[in-house]
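For reference, the structure discussed in these notes is given below.
The values are calculated or read from the model by the stated rules, or taken from the named source; none is laboratory data. In this text, all values refer to a predicted model and were calculated from it rather than measured experimentally. Reconstructed Cβ throughout: ideal geometry from the backbone, glycine too, with neighbour counts over all protein chains shown. With ligands, DNA and RNA removed, areas are computed over all heavy atoms of the protein, side chains included. Shrake-Rupley method; radii C 1.70, N 1.55, O 1.52, S 1.80 Å.
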Amino acid sequence: MDPVPPEPSVAPSVVPFERHAMLERLASETFDVLVVGGGITGAGVALDAASRGLRTALVEASDFASGTSSKSSKLVHGGLRYLQQGDIRLVYEALHERQRLRRNAPHLVKLLPFMIPILTKDGLIPRRVARALGSAMWMYDLTGGFRIGKLHRRLSADDAYAHLPTIARDRIAGGYLYYDATTDDARLVLTILRTAAEHGAAIANRSRVVALTKDADAMVDGAVVAVGAGREITVRARAVVNAAGVWSDDVRQLEDGVHPHSIRPAKGVHLTVPWSKVRNDIAAVIPVPGDKRSLFVVPWGPNADGTFRHTYVGTTDTDYDGPVDEPACTAEDVEYVLRALNAAVTTDVHPEDVTGAWAGLRPLVKSAASGRTADLSRRHRVSIGPAGVVGITGGKLTTYREMAEDTVDTVLERLGRRARCRTKRLRLLGADGYQDADPGTPAHHLGTRFGTLAPEVEELVDLDAALGDPLVPGLPYLRAEAVYAARHEMATTLVDVLTRRTRAHLFDRAATEAAAADVAELLAGELGWNAQETAAQLDAYRALVGREEADERAPAAS
Ligand SMILES: Cc1cc2nc3c(=O)[nH]c(=O)nc-3n(C[C@H](O)[C@H](O)[C@H](O)COP(=O)(O)OP(=O)(O)OC[C@H]3O[C@@H](n4cnc5c(N)ncnc54)[C@H](O)[C@@H]3O)c2cc1C
């Protein structure tokens, strides 16, 4: 255990997280550092910088976490796979960060038990590798897995079957149980950003950097930012950080006109299916027949009786050279994931059973000798561009804090300043005083999304009981959460609310689409939309649904 007490956390919800006020600050103040990109990487940098006392700004072109950071496997983990690839340092650091996150954001980052089944025949992890797997489990524990307070253990065939009763009973020879953690990636990003705002950062979404400004020595000293409705503002900053993920080469091009082609995007998809098709009470790792990869099968949306609403399965890992703005889950991807799932379970899962899907792009750093993207390192790299922009690329959701620390250290060097990093023990908004509630209860639902800010949502229901109704029938989100998202979480579109502030669209696209008109009406009252704008918001969400459905039916061109 760490002997040093945690950094004091900030009082909940003191600073309004409100876009117009933030834009005024961005346009009028001079900052020490401007962060470009509001995914996990940029959010982490903003919090690190602001908590060290730097005057910090962050601008996000679209919505917070709308890039890769809402489309991950949602694991806070070391990654057993990276051990097998010999990247022990990455695993060690990631497991250390996992523990820090569990302490600093106990409301958002939850323990997740995993099982690797050992199956007897036909490809699914044969017995002869069980011993090797056992060694890998020990390695994982020793590399830092132990920090979670539980060591891996071997499961009997009966115990393994009980965790995944849709597997053929006669094929299962046992299994290994180990522990990692899970989080709602988009909410983690949002909470980090709100915490940064509490530390003084000025933050706005729908604010795209379109040009970089330079001083007399041709070094970058700010950015021109398009903030919507044809308006541009200039944000002045002594240092600029490029945290634009798979777009970072484009931002780097703004610096000197040269596109460095340094990022190799790797696409990964996940599918959601009804839990009844899998009935796993913990996460499982299943192999992909004919490929040297495995997929995670993660139960999602706990009910009070120990069952779940859904299970999601992923991820793929394929080279991607399409448009980075909208990676799609194709029919080939659906076929690949379901083939692996159906090789493990006996319930015969069809494409029509899929209730949701998402596709994201890993911003991997190209290496000279790169083969499959799955083999590329997940380590991060901090660089300095020709006109002084600090770039941060690569990495993982799990290691965002460490990435941010390295980045801000470099920023401080450039500014000729010193300030101790405080994020190792800095509790995120909603963490202080948080107590776990029983899974499947409303208190658990709100607690795991808002922590100790949950009473702010409950208060909305106290004032208007109708806001206590489900946002999307069959899913746990309340109408009050949409109102809260518009008032306090800078949600500005229907898509923001349905895909990121809540994850309704990822759970159950059809149910969410059926409720979308109601949600649009609810948001119209909050965001001042007239009938035309409300219809446009609904159209935009329906277009997203239509695109996804069409992509999943049509094989990719390449
Ligand atoms: C399928 C998949 C599964 C994964 N699973 C895991 C996992 O389980 N655990 C884990 O630890 N990691 C995981 N990862 C890795 C992790 O998700 C990524 O490393 C991380 O989300 C990248 O975050 P980012 O902030 O760098 O990029 P992004 O989230 O893409 O953020 C970059 C942001 O920059 C913005 N931007 C771009 N241009 C501009 C501009 N000109 N002006 C302003 N803003 C701009 C974009 O809109 C975007 O929001 C996974 C990745 C994928 C693809």
inquiry  = Here is a check on your reading of the model: is SER28 at pLDDT 95 or above and open to solvent by less than 30 Å² (accessible area, probe 1.4 Å)?
reply    = no
message = Please verify whether HIS107 is touching a residue at least 40 places away in the same chain (Cβ under 8 Å) and within 25 Å of GLY447 (Cβ to Cβ), treating the condition exactly as stated.
response = yes
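Table: residues versus (1) open to solvent by 20 Å² or more (accessible area, probe 1.4 Å); (2) modelled with pLDDT of 95 or more; (3) near the ligand (Cβ under 9 Å from one of its atoms).
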site	(1), (2), (3)
ARG55	yes, yes, no
ASP63	no, yes, yes
SER69	no, yes, yes
LYS74	no, yes, yes
HIS77	yes, no, yes
LEU80	yes, no, no
GLN85	yes, no, no
TYR92	yes, no, no
inquiry  = Suppose the filter is assigned to a strand (DSSP E or B), in contact (Cβ under 8 Å) with a residue 60 or more places away in the chain and closer than 30 Å to ASP221 by Cβ; does ARG236 pass it?
reply    = yes
request  = Considering each residue of the range 292-332, count those that are of a type in the set (D, E, K, R) and within 11 Å of the ligand (Cβ to nearest atom), and give that number.
outcome  = 2
ask   = Counting residues that are in contact with a Ser or Thr (Cβ under 8 Å, 6 or more places away or on another chain) and open to solvent by 40 Å² or more (accessible area, probe 1.4 Å), which helices (runs of 4 or more DSSP H) fully inside the range 472-558 reach at least 2?
value = 509-527, 531-553
query = Residues of the range 288-302 being under 22 Å from ARG169 (Cα atoms), open to solvent by 20 Å² or more (accessible area, probe 1.4 Å) and part of a strand (DSSP E or B), which ones?
reply = SER294, PHE296
message = Of the residues HIS259, HIS270, only one is within 15 Å of the ligand (Cβ to nearest atom) and in a loop (DSSP other than H, G, I, E, B); which?
response = HIS259
task = State whether one or more residues within the range 177-187 are within 20 Å of LEU133 (Cβ to Cβ), part of a helix (DSSP H, G or I), touching a residue at least 24 places away in the same chain (Cβ under 8 Å) and open to solvent by 20 Å² or more (accessible area, probe 1.4 Å).
result = no
task = Taking ARG264 as meeting all but one of (1) touching an Asp or Glu at 6+ places or on another chain (Cβ under 9 Å); (2) more than 16 Å from the ligand (Cβ to nearest atom), write down the number of the exception.
result = (2)
Failed criterion for ARG206 (all others in (1) open to solvent by 40 Å² or more (accessible area, probe 1.4 Å); (2) within 14 Å of the ligand (Cβ to nearest atom); (3) free of Cβ contacts under 8 Å to residues at least 60 places away in the same chain hold) = (3)
message = Residues that are in a helix (DSSP H, G or I), modelled with pLDDT of 95 or more and more than 16 Å from the ligand (Cβ to nearest atom): does the range 396-409 have at least one?
response = yes
request  = Please state which of the following conditions GLY42 fails to meet, knowing it meets all the rest: (1) within 22 Å of VAL497 (Cβ to Cβ); (2) surrounded by fewer than 24 Cβ atoms within 10 Å (Cβ to Cβ); (3) within 11 Å of the ligand (Cβ to nearest atom).
outcome  = (2)
key: Residue list for the range 314-334, filter: of a type in the set (D, E, K, R) and closer than 10 Å to LEU361 by Cα   = ASP317, ASP319, ASP325, GLU326
